[in-house]
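Just below is one structure, and these are the notes that go with it.
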Amino acid sequence: MQLDSRAQTLLKALVERYIADGQPVGSRALSKISGLELSPATIRNVMADLEEMGFVASPHTSAGRVPTPRGYRIFVDTLLTVDAIDENAVVARMQKQGNNFQNSSQKIITNAAQVLSSLSQFAGVVLTPRKESVFQQIEFLRLSEKRILLVIVSPNGDVQNRLLITDVDYTPAQLVRSANYINLHYGGLSLEHVRTRLQKELRELQDDMTRLMQAAVETGSDAMSDDSETMVISGERNLLSVTDLSSNMSSLRKLFDMFEQKTGLMQLLDISGKATGVQIYIGGESQLVPMEEMSIVTAPYQQGGKVVGTLGVIGPTRMAYERVIPIVDITAKLLSNALANNH
């Protein structure tokens, strides 16, 4: 829906004032801060139109108005002037966090979450790269009837052991034959890749052997992804001091649920990783955001030329988007560079 320039200027002024002080904005204040030579009556008429279109709302206790999720959306999409941010300052902050770009990938990612949090004063979150569970070889060791030890060796020599309880009592010869088949045909591939090929390629083998191999691949995938932290969050405590998010027990419960469960947050970050550049999810508008008073600003980051994860800032809808957007954007680029240098 198109707004004329006068309505855009007033909506922009209202959102900026509301973000700054959290109080409903009245017509008198708007006439002063908008820079427009308009009478309070004219401003009231424009505000009434904006309210009818769903961009602002009137709280019961006040004559002033506040932005709705729809109002925030048009603000961030078309009215916002993003601040220039000194990239060197972000680099310095990353280095101060102990990120000398020679650390492990996990350490660099943790530092990126801390940088996002300290620069935004909200919570920083990074969805870590999915580890492909590549294996070099596997072995089956018969422990007793229907109990087998699965040994998985990764290309870098890491060893994972898992117990398999089977329906069939396999002979040592069958176990050797199954392990040899997997190692010969699939060694060096990811277990996820093997899983999709098994159904097509093992029809000529006996059913019992096929079941054993499929069980090994399922268990192996779980074993090799167990030790990887899928999401790093820093600065959750910052959100407790944001009145909009922690003003009552219901809001607090939602906050803690979000950080404890993580599922919804991971889904949102996963989806935003498929988009290009900075994305803004506004509570009350996006079903993915767990709270109406919350917004999440995200950007994907890369390793080896392809997107491997997403990072972002979690804060109130009443956040200074003009500051947070460039912080998220630059941190994503710096994290990509750091991972490339570290590889």
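Test of understanding: among N45, N99, which residue is modelled with pLDDT under 85 and either part of a helix (DSSP H, G or I) or within 30 Å of A299 (Cα to Cα) (or both)?
After applying the criteria, what remains is N99.
So which pairs qualify, if the first residue must be in segment 163-191 and closer than 13 Å to L212 by Cβ, the second must be assigned to a helix (DSSP H, G or I) and open to solvent by 20 Å² or more (accessible area, probe 1.4 Å), the Cβ gap must be under 6 Å, and the two must be at least 6 apart or on different chains?
L164/A215; V168/D208
Does A84 satisfy the condition of being at pLDDT 85 or above, out of contact with any Phe, Trp or Tyr (no Cβ under 6 Å at 6 or more places or on another chain) and either outside any helix (DSSP H, G or I) or surrounded by 12 or more Cβ atoms within 10 Å (Cβ to Cβ) (or both)?
No, not satisfied.
Restricting to segment 228-272, give me the number of residues that are closer than 18 Å to L288 by Cα and open to solvent by less than 20 Å² (accessible area, probe 1.4 Å).
Total meeting the criteria: 9.
Of the residues R70, R6, only one is of a type outside the set (S, T, Y), over 31 Å from the mean Cα position of the chain (by Cα) and open to solvent by 80 Å² or more (accessible area, probe 1.4 Å); which?
R6
So which helices (runs of 4 or more DSSP H) stay within segment 228-273 end to end and still have 2 or more residues that are among the aliphatic types (A, V, I, L, M)?
Result: 236-240, 249-261, 263-272.
For segment 131-178, please list each of the strands (runs of 3 or more DSSP E) lying entirely inside it that holds at least 3 residues being over 33 Å from the mean Cα position of the chain (by Cα) and closer than 23 Å to S190 by Cβ.
Passing ranges, in order: 137-144, 147-153.
With respect to G304, determine if the residue is at positive phi, open to solvent by 30 Å² or more (accessible area, probe 1.4 Å) and touching a helix residue (DSSP H, G or I) at 6+ places or on another chain (Cβ under 8 Å).
Against the criterion (at positive phi, open to solvent by 30 Å² or more (accessible area, probe 1.4 Å) and touching a helix residue (DSSP H, G or I) at 6+ places or on another chain (Cβ under 8 Å)), G304 qualifies.
Keeping to segment 44-77, report how many residues are in contact with a Pro (Cβ under 8 Å, 6 or more places away or on another chain) and among the charged types (D, E, K, R).
Qualifying residue count for the region: 1.
Would you check which residues across segment 217-250 are polar (S, T, N, Q), touching a helix residue (DSSP H, G or I) at 6+ places or on another chain (Cβ under 6 Å) and modelled with pLDDT under 90 and list them?
Correct list: S221, S246.
Are there any pairs with C-beta distances below 6 angstrom linking a residue in segment 12-37 that is assigned to a loop (DSSP other than H, G, I, E, B) to a residue that is open to solvent by 70 Å² or more (accessible area, probe 1.4 Å), with the two at least 6 apart or on different chains, and if so which?
Here the result reads G26/A63, each pair linking segment 12-37 to a residue that is open to solvent by 70 Å² or more (accessible area, probe 1.4 Å).
Being hydrophobic (A, V, I, L, M, F, W, C) and modelled with pLDDT of 90 or more is the filter here; which residues of segment 1-28 pass it?
Hits for segment 1-28 are A7, L10, L11, A13, L14, V15, I19, A20, V25.
The values are calculated or read from the model by the stated rules, or taken from the named source; none is laboratory data. Everything quoted here is computed from the prediction, not taken from an experiment. Reconstructed Cβ throughout: ideal geometry from the backbone, glycine too, with neighbour counts over all protein chains shown. Please note that ligands, DNA and RNA were not included when accessible areas were found on the heavy atoms of the full protein model with its side chains. Shrake-Rupley method; radii C 1.70, N 1.55, O 1.52, S 1.80 Å.
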